[in-house]
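Structure record follows, encoded as structure tokens.
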Amino acid sequence: EHRRSSREHVVQEPPQDREPGARPRESPSFHRRFTTLTIARESQSKHGAKDGAKDGAKDGAVGTGQGCANTSSGGVAMAITATLFEPSGDGQTPQVVVLVGGPGMGKTMMVRKMMVEWGEGTLHTQFDFIVCVDCKALALPMEASVADLVSRCCPGLQVPAGKILDDQKKILFIFDGFEALGFSLVQPDAELSSDPREVKPLELTLMSLLKKTVLPEASLLLTTRPTALGSLGRCLEDEYYVEILGFSAARRKEYFHRYFENSNKGDMAFRFARGNQILYSLCVIPAMSWTVCTILEQELCGTKNLLECSKATTGMMMFFLSQLLKHRDRDNPQVLQQFLLKLCSLAADGIWKHKVLFEEKEIKDRGLDQPGLLPFFLNERIPKEGEDHGSVYAFTHLHLQEFFAAMFYVLEDDEEMTSSVGTLEKDVNKLLESYSKSRKDLNVTVRFLSGLVSQKSIEYMDRTIGCRISPRAREELLKWLQGRHRVLSQPGQALKVSEMDTFHFLFEMNEKSFVQSALGHFTDLDLQDTKLTLYDQMALSFCIQHWDGLGCVTLQGCSFQWQDPEAELDASVPCSGVSGAGGHPGALAVRRRREELPSPIHLLCRALRHRGSALRVLRLQWCRLSESCCAELAALLAEHPGLARLELGDSSLGDSGVRLLCEGLRTPGCRLRVLR
């Protein structure tokens with residue numbers, strides 16, 4: 001959604017002075033889907049030397065550290081555009097606001113929202129005119145006055161530019177994507193202009209606006225990626241910094257429901273994302289939420305059911321990456337490929353060393369100081385005044401760093417490149433064995449590696465980004481998966497798989513033949529005390545369907561979660577405000593959704609009924625099964641002639657549940673010998 005509508009470059013007049021139809025127009029989807037972003041605001045800070053807001057840290061998002069407050073120590077987390085030009089705690093109304101955020105965090109969307117609110121006369125009514133310049137798309141002249149700039153942006157303007165500039169306090173200039181201008185912000189003060197009609201080189205005209213030598217009482221809003229902040233901080237005075245922190249947990253849920261017009265689809269899509277911790281954490285980035293919703297919308301159109309969704313986390317990350325790089329270095333793909341190799345080496349080195357911050361020297365030594373590419377992946381933190389080190393950099397999200405670390409191990413490179421990307425060895429086996437023995441923090445990296453070596457991923461990366469993935473990593477992954485559970489199984493006993501992460505890795509790859517090769521020698525599945533989210537169950541059922549030799553399934557103390565844990569909590573809290581005879585309307589809605597959901601063991605039983613299944617024993621002990629599970633179990637008994645033993649210890653089946661179970665036992669196809 002953040003990329004769907006074309007950006008406008010407009011000077012607009014106040015609502016009461018405009019002719020009908022002159023207001024800024026947005027598609028209905030903009031109003032329907034716009035979801036409030038959380039921001040952190042800080043009063044003026046010389047050279048942008050404040051600490052970064054940390055609200056996103058628990059979700060893995062790394063703050064830029066650019067002139068924004070730590071919300072636990074003075075900054076204020078807010079979520080509405082109205083706060084941008086409102087008086088701060090000290091009573092001062094900002095004239096210059098710098099809106100900071102990485103790619104996809106929603107800077108342009110916030111500007112569009114602000115323009116709509118002003119155009120409708122609901123907010124920002126202190127401005128009679130707003131000049132909005134899209135720095136990424138507008139072809140600017142080499143020389144211009146401020147008045148020329150206004151006229152250039154809006155050729156159809158009916159009010160003379162000179163009249164607009166007469167009342168400075170009523171004007172707001174917006175420069176969206178300021179870093180795209182690429183101008184040097186170091187200009188001699190003596191050459192700056194004080195006359196809005198004086199023609200100067202464009203750099204000087206813009207610097208005159210920033211330094212307030214021209215139209216000193218006009219307001220400015222600049223949106224920028226963190227890389228432009230160092231130079232901006234040296235030329236602005238009394239500026240306020242606002243950092244976009246992305247979507248809070250509540251806003252993520254709201255966005256999913258706004259994106260899907262159908263509430264049932266919205267519920268299912270959010271449950272899908274919520275059940276996948278990696279995906280849910282990444283959705284703090286608005287563009288990632290859009291990516292997930294876009295892909296799930298396509299899946300729903302194709303299958304009508306997300307339970308059959310084939311898109312795992314890696315597939316969504318690759319789509320996100322392809323969108324980021326859509327128009328980058330198409331004429332010279334080698335530049336992009338070499339940059340990605342160096343970036344992946346940096347990411348992997350950081351993962352091994354538990355390192356998320358990288359010094360400026362390291363960026364330069366690796367050849368990553370490329371302004372056309374670096375800001376897409378790394379946020380820059382300018383040092384505080386008095387600090388003797390240079391800038392430090394961090395990936396916009398920890399999971400993005402883990403994704404690029406996985407890419408390091410699978411990307412093919414030539415010998416010339418190998419010597420320039422660092423000293424880290426591309427040893428896939430070392431990565432996998434370290435994960436098995438002690439480095440459980442490598443889980444996400446291994447999961448991404450599994451997804452990247454699928455045949456679909458290999459073809460997609462080559463087609464969309466031009467990166468070649470080596471098949472060697474795929475072979476090493478298969479050997480490791482075949483060997484890891486042999487070590488865990490007891491001598492003389494059946495070979496069993498007892499780690500849930502194995503199913504995550506295989507689901508990321510999403511290849512039937514690979515599952516069969518990886519699990520073909522194992523006969524037992526044994527999971528204990530595991531909370532199975534919807535995503536876990538999808539991964540588990542996918543593998544079971546293609547595991548022909550599986551004879552015994554034991555799940556002890558496992559729970560099957562089908563909805564948002566927060567919704568379950570809401571439904572369990574008694575409400576004092578009674579609505580009719582049924583209690584709180586919110587709890588009613590939750591109960592109604594719960595009734596519409598399939599049985600908690602629906603996916604498991606459906607997978608166990610697959611053609612060719614060798615299942616003989618099914619143990620579901622201390623899994624808190626209820627009567628809603630009995631219809632699925634009865635169908636399994638009726639349709640699976642090989643099932644000889646069923647154990648349902650410590651369940652609350654109830655009389656009606658047992659009756660359903662007995663119906664299954666009475667069917668001619670049932671061959672059960674033992675029921676416990």
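The values are calculated or read from the model by the stated rules, or taken from the named source; none is laboratory data. Model, not experiment: these values are computed from the prediction. Counting neighbours? That spans all protein chains shown, and the Cβs are built from the backbone with ideal geometry, glycine included. In case anyone asks, the SASA skips ligands and DNA or RNA and just uses the protein heavy atoms, side chains included. Shrake-Rupley method; radii C 1.70, N 1.55, O 1.52, S 1.80 Å.
Below is a table of values for the structure above.
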read-out: Residue-wise HN-Hα coupling along region 454-460, computed from phi with Karplus coefficients 6.51, -1.76, 1.60 (Hz; x: Gly, Pro); value: 5, 4, 5, 5, 4, 5, 5
read-out: For Lys200, distant residues with modelled amide H under 5 Å away; value: Ala144, Ser145
read-out: Val96 long-range amide H proximity, modeled H, under 5 Å; value: Leu220, Tyr240
read-out: Region 131-203 - accessible surface per residue (Å², probe 1.4 Å); value: 49 Å²
read-out: Full-stretch length increase - Arg234, Ser626 - with 0.36 nm per residue and alpha-carbon distance subtracted; value: 134.6 nm
read-out: Solvent-accessible area of Val392 with every protein chain in place, 1.4 Å probe, in Å² to the nearest 10; value: 20 Å²
read-out: Sequence ranges 599-606, 344-351, ranked by mean other-Cβ count within 10 angstrom, highest first; value: 344-351, 599-606
read-out: Surface share of carbon and sulfur [accessible, 1.4 angstrom probe, percent] for region 249-307; value: 46 percent
read-out: Gain in span if fully extended, Asn262 to Lys364, counting 0.36 nm per residue against the direct Cα distance; value: 31.8 nm
read-out: Rounded to whole Hz, the Karplus (6.51, -1.76, 1.60) HN-Hα couplings of region 175-184, x for glycine and proline; value: 10, 8, x, 4, 5, 6, 5, x, 7, 6
read-out: Solvent accessible area, Å² - Val446, 1.4 Å probe, full protein context; value: 0 Å²
read-out: Of Lys113/Lys342; Lys212/Lys364; Lys353/Lys430; Lys107/Lys342; Lys364/Lys430; Lys355/Lys437, pairs whose Cα-Cα distance is over 26 Å; value: Lys113/Lys342; Lys212/Lys364; Lys107/Lys342; Lys364/Lys430
read-out: At R0 = 45 Å, FRET efficiency that the Cβ-Cβ distance of Ser438 and Cys301 yields, to 0.05; value: 0.55
read-out: Solvent-accessible area per residue, Å², over region 249-307 with all protein chains present [probe radius 1.4 Å]; value: 34 Å²
read-out: Residue-by-residue Karplus 3J(HN,Hα) for region 89-96, coefficients 6.51, -1.76, 1.60, Hz, glycine and proline x; value: x, 8, x, 7, 8, x, 9, 10
read-out: Length added when fully stretched, Asp529-Gln277, from 0.36 nm per residue minus Cα-Cα; value: 88.9 nm
read-out: Paramagnetic label zone (point 7 Å from Cα along Cα-to-C-beta, Glu647; backbone N under 15 Å) in region 521-537; value: 524-529
read-out: Two-site FRET efficiency, Ala190 against Thr93, from Cβ-Cβ distance with R₀ of 45 Å, rounded to 0.05; value: 0.90
read-out: R0 of 45 Å, Cβ-Cβ distance Asp655-Ser498: FRET efficiency to nearest 0.05; value: 0.80
